[in-house]
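Have a look at the structure below before the remarks.
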Amino acid sequence: MGDTEGHFEMSFSQLGLAEPLLRAVREAGYTEPTPIQTRGIPAVLSGRDLLAAAQTGTGKTAAFALPLLQRLQSPRTGQSSRAPRVLVLVPTRELAAQVCGAVQALGRHMPQRTAVVFGGVSATPQVAAFARGLDILVATPGRLLDHARERAVDLSRIETLVLDEADRMLDMGFIRDIRRILALLPRERQNLLFSATFSDEIRELARTILRDPLTIEVAPRNAPPERVEHSVYHVDTTQKRALLSHLLRNLGWQQTLVFTRTKHGANRLAQQLEQDGLKCAAIHGNKSQGARTRALADFKGNRIEVLVATDIAARGLDIMGLPQVVNFELPHVPEDYVHRIGRTGRAGADGRAVSLVSRDERDRLRAVERMLGRSIASHQPPAFAPAMGAARRR
C-alpha cells in the first residue's frame, strides 16, 4: 500500500499542486490523476483558457477546482474586496450543490470561502453569503441574474469563469442568460469551458469567449463509457411497466436509475412501481429542491431501490457504483442516451444499460446505434405476469 500511496503522491505533486491540496486529494481517496486532470491542471495553473470535452465521471470538477484553489492563494488584484474571484456556472441545482461540495472538500485545508446559488430555495442565505464575502461562487444562471439585478452580488472582480456542462446549458435555453452574465464580468479573465460534446453551437460559444484555449478531448466525440453492457427488450408500450417491474423484482437488481421522457411519466411510473412492492422515488423539475435532495440521498443510501428521473433532473447526478440504468423510453436526441448511461460503468466499474423499446421507438433506437457505431443486442422479454397492484414476489 505504501508504494501506491507514494506513486499517486508523486503523480499529483508533479502537477504543481501545493501540499494542502495534495492532503485533501489523499483524504478524498483519489488514486492518481485522470487524463483530464493530468492535462488540465497545469494549463489552468498557468492561467490558460481551456476547452475540454469531458463527460461526468472523468474527474473534471477536480481538474478545475484544484488549480483554481491554488491560484486563489495569490493576493487579489486591485483593491481588497469581498466580491467573488471565481464563478462556476452550471445548468441544474443538483450539479450546483455537487460541484460546491467537491470544491469545499478539495479546499478543506485552504482558507477560501465558497458559496452556492440556485433557484427553488430562499434567496436570503445566499444574499447573506455575498455580504460576508466569498472567493468561489457556484451558480445556476437564472438565480445569479436575479441577484445581479438586485445588486446583491458584484461580478466585476471575477478572475476565472468556468462554464460546466455547457452543452446542457445550451440545450436548456440558457444562452441568453449566459450572455447577460458575460456582460457583467471583467473583459480580462481566464475562461474554462467543459462540455460532454463539441456541437457546432459549443464551438461557436467557445470562439466568442475563449482566448487561445488548450483543447482537451478525453473521450472521443459522443463516446459512451466503455465498460457498459447495452441491451434492448422489444416490448409493446402497454407492457413496459409490467416488464420493468418483473426485471426489477426477479433479476436481483439493486439501485436502478430509470429514465422517462416526461415529468408526468416519471410520477406515474414511480407510483406504479410502488404498487408493485418496490421502494421507489421520482425526481424531475417540478419537484421541490428538498424533495429532490431527499430522494437522491435515499437512493444513494439504499433506502430506495429505484429512482425514476427525467433527463434534465438527472443531469449531473453523481452516484458511485451505480450498477444499471434503464431507458423506460428512449430519448428524442441520441446524444441524451450517452448522458443517461454515463451514470453507470464509471471509475473502472462494470455497468448495464437496458432499454425497453416499443415499435414506435425503433427509429430512435437506430439513431442511437448509428451514434454508438454498432448494434445493441436485443433480448426476448422473459415470460412475465402482468403487474397488478402489489405483484406477488416469486
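The values are calculated or read from the model by the stated rules, or taken from the named source; none is laboratory data. Just so it is clear, the structure is predicted and the values come from calculations on it, not from any experiment. Here Cβ is always computed from backbone atoms with ideal geometry, including for glycine, and neighbour counts include all displayed protein chains.
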>> Just to check your reading of the model, which residue among Ile175, Ile136, Ile158, Ile181 is β-branched (Val, Ile, Thr), more than 17 Å from Ser81 (Cα to Cα) and touching a strand residue (DSSP E or B) at 6+ places or on another chain (Cβ under 9 Å)?
In response: Ile181
>> Every residue in the range 338-367 that is of a type outside the set (Gly, Ala, Ser) and modelled with pLDDT under 85, please.
In response: Val338, His339, Arg340, Ile341, Arg343, Thr344, Arg346, Asp350
> Picking from Leu210, Leu214, Leu192, Leu269, which residue would you name as being closer than 30 Å to Arg71 by Cβ, surrounded by 17 or more Cβ atoms within 10 Å (Cβ to Cβ), touching a Phe, Trp or Tyr at 6+ places or on another chain (Cβ under 7 Å) and at pLDDT 90 or above?
Replying inline: Leu192
> Among the residues of the range 85-92, is there at least one that is under 22 Å from Leu184 (Cβ atoms), in a loop (DSSP other than H, G, I, E, B) and of a type in the set (Val, Ile, Thr)?
Replying inline: yes
> From the list Ala297, Ala314, Ala282, which residue is crowded, with 18+ Cβ neighbours inside 10 Å, in the same structural domain as His246 (by TED's automatic domain parsing) and at pLDDT 85 or above?
Replying inline: Ala282
>> If I filter the range 195-207 down to residues being among the hydrophobic types (A, V, I, L, M, F, W, C) and at pLDDT 85 or above, which single residue comes out as farthest from Pro84 (Cα to Cα)?
In response: Ile202
> So which residues in the range 244-302 are among the acidic types (Asp, Glu) and either closer than 24 Å to Pro382 by Cβ or touching a Leu at 6+ places or on another chain (Cβ under 8 Å) (or both), if there are any at all?
Replying inline: Glu274, Asp276
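Okay, residues lined up against (1) over 16 Å from the mean Cα position of the chain (by Cα); (2) in a strand (DSSP E or B):
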residue: Arg157; (1), (2): yes, no
residue: Arg168; (1), (2): no, no
residue: Ala183; (1), (2): yes, no
residue: Phe194; (1), (2): no, yes
residue: Thr215; (1), (2): yes, yes
> Out of all the residues in the range 122-131, is one or more in the same structural domain as Cys100 (by TED's automatic domain parsing), at pLDDT 95 or above and in a loop (DSSP other than H, G, I, E, B)?
Replying inline: no
>> So, Ala24, is that one in the same structural domain as Pro186 (by TED's automatic domain parsing), in contact with a Lys or Arg (Cβ under 6 Å, 6 or more places away or on another chain) and within 20 Å of Arg108 (Cβ to Cβ) or not?
In response: yes
> Taking the range 94-127 as the region of interest, how many residues are crowded, with 22+ Cβ neighbours inside 10 Å and either farther than 24 Å from Arg151 by Cβ or in contact (Cβ under 8 Å) with a residue 40 or more places away in the chain (or both)?
Replying inline: 8
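Within the range 158-188, how many residues are surrounded by 17 or more Cβ atoms within 10 Å (Cβ to Cβ), under 23 Å from Ser199 (Cα atoms) and not β-branched (Val, Ile, Thr)?
Within the range 158-188, the first condition is being surrounded by 17 or more Cβ atoms within 10 Å (Cβ to Cβ), and the residues that meet it are 158-172, 174, 177-178, 181-182, 185.
Remaining after also requiring under 23 Å from Ser199 (Cα atoms): 161-172, 174, 177-178, 181-182.
Then keep just the ones that are not β-branched (Val, Ile, Thr); that gives 161, 163-172, 174, 177, 182.
Summing the residues that are surrounded by 17 or more Cβ atoms within 10 Å (Cβ to Cβ), under 23 Å from Ser199 (Cα atoms) and not β-branched (Val, Ile, Thr) in the range 158-188 gives 14.
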>> Given the condition more than 25 Å from Leu95 (Cα to Cα), in contact with a Cys (Cβ under 8 Å, 6 or more places away or on another chain) and charged (D, E, K, R), answer yes or no: does some residue in the range 268-277 qualify?
In response: yes
>> Looking at Leu163, Leu155, Leu184, can you tell me which residue is closer than 12 Å to Leu89 by Cα and not hydroxyl-bearing (Ser, Thr, Tyr)?
In response: Leu163
> Given the conditions (1) in contact with a strand residue (DSSP E or B) (Cβ under 8 Å, 6 or more places away or on another chain); (2) within 16 Å of Leu322 (Cβ to Cβ), and given that His234 satisfies all but one, which numbered condition is not satisfied?
Replying inline: (2)
